[in-house]
Amino acid sequence: MNSISVRALLVRGMLAGLAAGALALAVAYFLGESRVNAAIAFEEAHSHDHGGEELVSRTMQSTAGLATGVLVFGVAIGGIAALVFCYALGRIGRFGPRATAALIAFGALLTVYVVPFLKYPANPPAVGNPDTIGQRTTLFFLMVALSVLLAVAAVIFGKRLAPRLGNWNASIAASAAYVLVIGLAYAFLPSFNEVGKDFPASLLWEFRLATLAVQATLWTTFGLVFGYLTERLLVPKTGAMTSGGGTTSHAAAAAS
């Protein structure tokens with residue numbers, strides 16, 4: 001990868017992240033906001049403290065605030081994923097640009113969100129002790145860091161095992177090692193069960209599914225869009241490869 005290719009891929013990653021953020025925003029608005037509003041209504045109905053004026057209105061939070069947060073997040077993760085793609089292309093197997101982009105998107109969804117989510121799932125308003133929010137936030141990001149670092153270690157471990165065990169067996173062994181260590185982290189890190197007995201279980205379940213749907217939409221869209229853009233950039237067009245001898249030679253030289 002030269003500097004021009006990295007810059008071009010970074011721009012495409014951010015554009016793909018923006019597109020993914022826009023689609024995730026629609027899912028968050030139509031699936032998540034109604035659950036948030038229901039949780040807020042439940043909290044207000046069962047709270048004895050109604051004092052204090054909110055600094056940012058709920059309307060602003062659910063529109064401009066939500067859009068800004070999701071779109072900025074999409075652009076940021078798109079840029080980071082593009083840099084990971086630049087390093088991973090050709091180093092994690094004989095995968096083309098689209099397959100590499102799909103693997104990175106799936107791996108990011110799994111390690112950055114799903115694995116930490118299973119230990120520390122998202123909670124709507126009215127769920128959780130305000131006194132423990134700092135501790136819960138710290139542990140969630142610790143779980144994210146552990147998951148990502150262990151996933152990287154598993155990839156390195158699998159590549160080192162591949163010459164002796166073969167690619168398939170090495171991948172199974174590395175995945176098993178990742179699951180084992182993550183399981184130990186689940187067992188030793190503290191858990192929180194702060195859902196009130198009177199909070200509707202169906203609302204909690206729907207809210208958590210909505211947050212999972214937002215992340216799945218974000219990463220799936222990114223993988224598809226970024227894979228398409230990178231393939232157009234890095235793979236010579238079929239027409240140019242077959243239009244004539246001189247053109248074929250030129251495209252082959254460019255690809256090499």
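Annotations for the structure displayed:
- Some residue of region 33-40 being at pLDDT 90 or above, part of a helix (DSSP H, G or I), more than 30 Å from A153 (Cβ to Cβ) and β-branched (V, I, T): no
- Region 187-239, residues that are among the aromatic types (F, W, Y) and within 30 Å of V36 (Cα to Cα): F192, F199, W205, F207, W219, F222
Each row is one residue, and each column tells you yes or no for (1) open to solvent by less than 70 Å² (accessible area, probe 1.4 Å); (2) under 16 Å from L189 (Cα atoms).
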| residue | (1), (2) |
| --- | --- |
| G134 | yes, yes |
| F141 | no, yes |
| V144 | yes, yes |
| L150 | yes, yes |
| F157 | no, no |
| L161 | yes, no |
| R164 | no, no |
| N167 | no, no |
| A174 | yes, no |
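- Conditions (1) outside any loop (DSSP other than H, G, I, E, B); (2) under 18 Å from L218 (Cβ atoms): number failed by Y87: (2)
- Region 185-208, residues that are surrounded by 11 or more Cβ atoms within 10 Å (Cβ to Cβ) and either among the aromatic types (F, W, Y) or free of Cβ contacts under 8 Å to residues at least 40 places away in the same chain (or both): Y186, F192, F199, W205, F207
- Residue among T221, T248 that is modelled with pLDDT under 85 and of a type outside the set (A, V, I, L, M, F, W, C): T248
- Close contacts from region 95-123, counting a first residue that is among the aromatic types (F, W, Y) and a second that is part of a helix (DSSP H, G or I), with Cβ to Cβ under 6 Å and a gap of 6+ residues or different chains, come to Y113/Q215; Y120/F140.
- Test for A145: is it touching a helix residue (DSSP H, G or I) at 6+ places or on another chain (Cβ under 6 Å), at negative phi, part of a helix (DSSP H, G or I) and not polar (S, T, N, Q): no
- Among the residues of region 5-25, just one is out of contact with any helix residue (DSSP H, G or I) (no Cβ under 7 Å at 6 or more places or on another chain) and open to solvent by less than 40 Å² (accessible area, probe 1.4 Å), namely S5.
- Flag if A81 is open to solvent by less than 30 Å² (accessible area, probe 1.4 Å), closer than 28 Å to A153 by Cα and modelled with pLDDT under 90: no
The values are calculated or read from the model by the stated rules, or taken from the named source; none is laboratory data. Values in this document were obtained by computation on a predicted structure and should not be read as measured data. Here Cβ is always computed from backbone atoms with ideal geometry, including for glycine, and neighbour counts include all displayed protein chains. With ligands, DNA and RNA removed, areas are computed over all heavy atoms of the protein, side chains included. Shrake-Rupley method; radii C 1.70, N 1.55, O 1.52, S 1.80 Å.
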